[in-house]
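Peer 1: One structure coming up, written as C-alpha cells, with questions to follow.
The values are calculated or read from the model by the stated rules, or taken from the named source; none is laboratory data. All values reported here derive from a predicted model rather than from experimental measurement. Each accessible area value is taken on the protein alone, full model and side chains, heavy atoms only, with ligands, DNA and RNA left out. Shrake-Rupley method; radii C 1.70, N 1.55, O 1.52, S 1.80 Å.
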Amino acid sequence: MEAHGGLPRDIEPRAVEDYFALGYVPDPRTIFRAALKLPPAHTLTLRRGATPGSPQEYWDVRFTCDSTLTAEQAQAELVERLRESVKLRMISEVPLGAFLSGGVDSSAVVALMAGATPEPVNTCSIAFNDPAFDESVYAEAVAKRYGTRHFVDRVDSDDFDLIDTLAALYDEPYADSSALPTYRVCQLARRHVTVALSGDGGDESFGGYRRYRLHMMEERLRQPLPLTLRRPVFVSSDARTRRPTGHRACSAARPPSRRWRAIRSRRTSTA
C-alpha cells in the first residue's frame with residue numbers, strides 16, 4: 001500500500017481498535033481508511049475500464065467431526081500426510097533447507113526432511129544473547145539427532161534497528177513478537193540456501209505452546225456442554241449495528257470474558 005503514491009493516508013479508527021484488541025487488523029479493513037484487504041482464500045479480478053467485481057472464494061476448510069477413524073488410525077494418517085506434504089515441497093533445483101527453532105512445528109518438518117533424503121538437511125536457527133529468550137539449545141538437539149548441517153546466528157534481544165525495515169515490509173501495524181528473529185533467520189538462510197521450509201501454523205494445530213495446550217484442554221471440557229454455552233464468538237464487531245465485521249471464531253469458543261463485556265459496554269454507551 002505504501003508504494004501507491006495516490007493512496008490517501010487517513011487512518012481507519014476501527015482498524016486501530018482491532019489492532020490493539022487482536023494484535024493485527026483483520027479483513028476487510030486495513031490501517032488505511034481508503035484500502036480494504038481480501039479475505040483469506042479469495043481472489044479479485046480487475047479489468048481495465050471495467051467496474052471491479054466481488055471477491056471470489058477459491059478454497060475453504062471443512063470443520064466437521066464426521067470421521068470414523070480411531071485415534072491410532074488418525075495418528076498414522078497424520079504422519080503420512082505430513083510426510084507426503086514435506087516430500088512434495090522438497091522438489092527443488094536450488095539449494096534447500098529449513099528453519100529450525102526446536103519447537104514442535106519446525107522439528108517435525110526437519111525430521112521428515114531428514115527421512116526423505118540421504119543428504120544432510122540444511123537447518124538455520126537464531127540464538128539470543130539473553131538466556132531468558134534463547135531456545136537455541138533445543139534446535140541444536142534436533143539438529144544433532146537428525147544429523148543436519150546446522151547454521152546459527154546470534155541476535156541481540158533488543159535488535160530494534162529492524163523496526164523501520166519491518167514497518168515498510170508489513171504495510172500496516174502487526175504485533176508479531178517473532179518478526180525480528182524471523183527476519184534475521186531469513187537473512188541467515190539466504191546465505192546458505194535459496195528455498196527454506198518452515199513450520200508456521202504447527203504450534204496452533206499441535207499445541208506447541210502452553211497456551212495452545214491449555215486451550216485444547218478447555219475445548220475438550222466444553223464439548224459436552226450445550227451448544228448455547230459454547231457458541232462461536234465474534235471478536236470484532238460494530239457497536240452501532242451489533243453486527244460482526246468479518247473476524248469470527250472458526251470453532252466453538254469460550255463465552256465473552258468479563259473484560260470483553262466491560263469493553264463492549266463502554267463502546268455501546270459512547271456510540
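Peer 1: Can you compute 3J(HN,Hα) from phi for each residue in region 152-160, using the Karplus curve 6.51 cos²θ - 1.76 cosθ + 1.60 with θ = phi - 60°, rounded to whole Hz and x for Gly and Pro?
Peer 2: Whole-Hz 3J(HN,Hα) from phi for region 152-160: 9, 10, 9, 10, 5, 5, 10, 6, 8.
Peer 1: To continue, here is another question. What is the antiparallel percent of DSSP beta bridges lying wholly in region 39-172, to the nearest 5?
Peer 2: Roughly 15 percent of the beta bridges in region 39-172 run antiparallel, per DSSP.
Peer 1: Right, something else. Could you compute how much accessible surface residue 33 exposes when probed at 1.4 Å, giving the result in Å² to the nearest 10?
Peer 2: Number for this one is 140 Å².
Peer 1: At 0.36 nm per residue, minus the direct Cα-Cα distance, what do residue 89 and residue 152 gain on full extension? Give it in nm, one decimal, please.
Peer 2: Stretched out fully, the residue 89 to residue 152 stretch lengthens by 20.4 nm.
Peer 1: Now for a separate question. Between region 181-222 and region 29-87, what's the alpha-carbon centroid distance in Å?
Peer 2: 18 Å
Peer 1: Residue by residue through region 108-114, which ³J(HN,Hα) values in whole Hz follow from phi under the Karplus form 6.51 cos²θ - 1.76 cosθ + 1.60 (θ = phi - 60°), with glycine and proline marked x?
Peer 2: With coefficients 6.51, -1.76 and 1.60, one gets 5, 5, 5, 4, 6, 5, 4 Hz.
Peer 1: From the phi of every residue in region 205-218, what ³J(HN,Hα) in whole Hz does the Karplus formula 6.51 cos²θ - 1.76 cosθ + 1.60 yield, where θ is phi - 60° and glycine or proline is x?
Peer 2: Rounded to whole hertz, the list is 7, 10, x, x, 10, 4, 5, 6, 5, 5, 5, 5, 5, 5.
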